[in-house]
Amino acid sequence: MHRRELFRLLAAGAAIPALSPIFLAVLRETMRDSQSVPGGALRTLDAHQNATVTAMAEIILPQTETPGAKGAKVNEFIDVILADWATDAERTRFLLGLSGVDERSNELFGKAFIDCTPAQQESQLRAMDEEWVRKEYLPKPKVGEYDKRDQQLQGNFFGVFKRLTLFGYYTSEIGFTQELKKVIIPGSYKGCTSIGSKAL
């Protein structure tokens, strides 16, 4: 199974329905807001952070016969989520996790993530993904140990990043219509439809 197909199944069949109605509403508003910001001005990420987010998201959902995460402006989606939805603590954790990507890249390859070769970038993300998956199988906290707020931005950095990338892509017009081939507003209005020889 191709990676794009796997992510499509995860997003369409499992990940997105698990979101709370409130978070889904924020996603829709976020996509609308990010498209209306003049020139895609960023509110949380600086230029280097934005380049890192863009590169990471594009590796997770690369361009194939349809646009990838970069084409869907997932980086702008993540920026707006961090600005409008994340708490101060969640935003801080995310940005620390993002800086950790560069720290790890410097240790492994002697340069920042965005300066690495595509092969080096992919190998680093694969390692982070494997670490995240292993941690997902650890015993989970009991109900009530987290606050009652939605937990999409809590937990392992790469897990949070991957979820945001999937949500941002598959709630964008590109992801929804070109990749999933869904109609945003199904059906059509027919004011006068003939039934047999009579008209309504």
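Each value in this text was obtained by applying a stated rule to the coordinates, not by laboratory testing. Because the structure is a prediction, the values reported are computed rather than measured. Quick reminder, even Gly has a Cβ in these numbers, built from the backbone with ideal geometry, and neighbours come from all protein chains shown.
Some notes on this structure:
- Look at Asp84, Asp46 and count the other Cβ atoms within 10 Å of each Cβ; fewest to most, that gives Asp46, Asp84.
- Chain lengthening between Glu173 and Ser123 when straightened (0.36 nm per residue, less Cα-Cα): 15.0 nm
- Using a Förster distance of 22 Å, the FRET efficiency for Gln154-Leu96 (Cβ separation, nearest 0.05): 0.95
- Neighbours of Ser105, meaning other residues whose beta-carbon lies under 9 angstrom from its beta-carbon, give a summed charge of -2 when Lys and Arg score +1 and Asp and Glu score -1.
- Fully extending the segment from Ala51 to Ala112, taken as 0.36 nm per residue of separation minus the present Cα-Cα distance, adds 20.9 nm.
- Whole-Hz couplings from phi, Karplus 6.51/-1.76/1.60, listed for region 60-68; x for Gly and Pro: 5, 10, x, 5, 10, 6, 10, x, x
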